[in-house]
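A short write-up of the structure that comes next.
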Amino acid sequence: MNLIVAVDKNWGIGFRNKLLVSIPEDMKFFRSQTNGKVIVMGRKTLESFPNGLPLKNRTNIVLTKNPDYQVKGAVICHSVEESLKELKKYPTEDIYVIGGDSVYKQFLPYCNVAHITRVDHAYEADTYFPDIEKLPEWRLTGESEEKTYFDLEFTFCRYEKQEA
């Protein structure tokens, strides 16, 4: 299972249910990685999308505690266990966890590849991704050249979980 996230210098990922920054090349990378695949997200992440609608050309799995929550074009699950049961229907390499923070934290133990866009700037944030560099089982296995968007520098990084 994969996860995909953009983080700032402090591993911040969002503020007031919005991304910290929108970098076109990062959005393009997200689309290319997840198109035709399965994406797993929390309800608030779904509601942060345009019109609060599931993303096209993907199987959208939404995690919420609300038993009455429904959204057209998405599979609704009410627990990590229920989500994992649903995800057994798909090849593990086609599954991408896309947030938010509590969903990342709950699914991190099940992921083996992390696609992390590291943005060289500190933003005001209220949601964070775990600092994967402090987790001994994760290793940086790939890194792009430093890229720029206006005056913002960022790098695409690939981390892989090492078997114990």
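The values are calculated or read from the model by the stated rules, or taken from the named source; none is laboratory data. Predicted model only: the values in this text are computed from it and were never measured. Reconstructed Cβ throughout: ideal geometry from the backbone, glycine too, with neighbour counts over all protein chains shown. All accessible areas refer to the heavy atoms of the entire protein, side chains included, with ligands and DNA or RNA removed. Shrake-Rupley method; radii C 1.70, N 1.55, O 1.52, S 1.80 Å.
Among the residues of the range 136-164, write down those that are of a type in the set (S, T, N, Q) and surrounded by 14 or more Cβ atoms within 10 Å (Cβ to Cβ). I'd like the intermediate steps shown before the answer.
Let us first name the residues in the range 136-164 that are of a type in the set (S, T, N, Q), namely 141, 144, 148, 155, 162.
144, 155 - these are the residues of the range 136-164 that are of a type in the set (S, T, N, Q) and surrounded by 14 or more Cβ atoms within 10 Å (Cβ to Cβ).
Scanning the range 85-135 for residues that are of a type in the set (Ser, Thr, Tyr) and not in a strand (DSSP E or B), which turns out surrounded by the most Cβ atoms within 10 Å (Cβ to Cβ)?
Filtering the range 85-135 for residues of a type in the set (Ser, Thr, Tyr) gives 90, 92, 96, 102, 104, 110, 117, 123, 127-128.
Now narrow it down to the ones that are not in a strand (DSSP E or B): 90, 92, 102, 104, 110, 123.
Values: 90: 14, 92: 14, 102: 13, 104: 26, 110: 17, 123: 16.
The selected residue is 104.
Looking only at the range 48-66, which residues are modelled with pLDDT of 95 or more, open to solvent by 50 Å² or more (accessible area, probe 1.4 Å) and either within 25 Å of residue 119 (Cα to Cα) or not in a loop (DSSP other than H, G, I, E, B) (or both)?
Of everything in the range 48-66, nothing turns out to be modelled with pLDDT of 95 or more, open to solvent by 50 Å² or more (accessible area, probe 1.4 Å) and either within 25 Å of residue 119 (Cα to Cα) or not in a loop (DSSP other than H, G, I, E, B) (or both).
Regarding the range 22-35, can at least one residue be identified that is surrounded by fewer than 20 Cβ atoms within 10 Å (Cβ to Cβ), hydroxyl-bearing (Ser, Thr, Tyr) and under 23 Å from residue 141 (Cβ atoms)?
Yes, the conditions are met somewhere in the range 22-35.
Taking the range 36-47 as the search range and keeping residues that are among the basic types (Lys, Arg) and in a helix (DSSP H, G or I), which one is surrounded by the fewest Cβ atoms within 10 Å (Cβ to Cβ)?
44
Can you tell me which residue is farthest from residue 21 (Cα to Cα) among those in the range 136-154 that are aromatic (Phe, Trp, Tyr) and either part of a loop (DSSP other than H, G, I, E, B) or under 18 Å from the mean Cα position of the chain (by Cα) (or both)?
Out of the qualifying residues, it is 138.
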